[in-house]
Amino acid sequence: MDFFDIVHARYSHKENFLPVPVPLNDLEKIARAGLSAPNGVNRQLTRLVLLPNREALASLSDLIEHGGLRSAPAAIAVLTTDETPPDGVNFEKEDYSAAVENMLLSAVALGYASLWLDYPWFDAERQKRAKEVLGAPDNYHLWATLPIGKPDGVGSRREKMPVEERLFYGTYGARK
């Protein structure tokens, strides 16, 4: 697949995964792509925890009800520090978001499905327990978990609005 095919093939896989292991080498490739993403002022705040098998994932997936995380053969947890640097400019959301998108595209390139799973970690108590499970320092925030694996069937996809309704030329609303 070329790059643009990969971009268009990516979707948020919310269903179950097949019980087929993800080779550690593939998981590392995906993680390295994430860590190669641009980041603010080259601070490199994003940290990843590889969860390479069901055993490593079990305690984390016990904290939420999401079927995809409960059936995924592997996952990657995405964290950043929540400390504001001396200059007061914090790029943690931009940094982790760029890393996640790189990893989602890399997963597709390697033949896997994934999902940007963040909503469970919005709950402060669940966030605290998840960080304990992951061994994350107190000054880090768990932003997302990416379940990764081979999909168990064709995953559902939400329809995108036509590009023509969202793409403008020169000024907002101007058409080609």
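The values are calculated or read from the model by the stated rules, or taken from the named source; none is laboratory data. Source: prediction; values computed, not measured. Here the Cβ positions follow ideal geometry from the backbone for every residue, glycine too, while neighbour counts run over all protein chains shown. For the accessible areas, the whole protein counts, side chains as well, though only heavy atoms, and no ligand, DNA or RNA atoms are used. Shrake-Rupley method; radii C 1.70, N 1.55, O 1.52, S 1.80 Å.
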Original post:
Where residues in the range 131-176 are open to solvent by less than 60 Å² (accessible area, probe 1.4 Å), among the hydrophobic types (A, V, I, L, M, F, W, C) and more than 27 Å from L110 (Cβ to Cβ), which of them is farthest from the chain's Cα centre (by Cα)?
Top reply: A174
Original post:
Going by the structure shown, is S59 in contact (Cβ under 8 Å) with a residue 60 or more places away in the chain and surrounded by fewer than 19 Cβ atoms within 10 Å (Cβ to Cβ)?
Top reply: yes
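Scanning the range 113-130 for residues that are open to solvent by less than 20 Å² (accessible area, probe 1.4 Å) and of a type outside the set (G, A, S), which turns out modelled with the lowest pLDDT?
Among them, the one singled out is P120.
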**OP:** Would you be able to say whether some residue in the range 87-105 is under 23 Å from F4 (Cα atoms), open to solvent by 50 Å² or more (accessible area, probe 1.4 Å) and of a type in the set (F, W, Y)?
**Re:** no
Original post:
Considering the range 1-42 alone, what residues qualify as being assigned to a helix (DSSP H, G or I), open to solvent by 50 Å² or more (accessible area, probe 1.4 Å), at negative phi and not charged (D, E, K, R)?
Top reply: F3, F4, V7, H8, L24, N25, L35
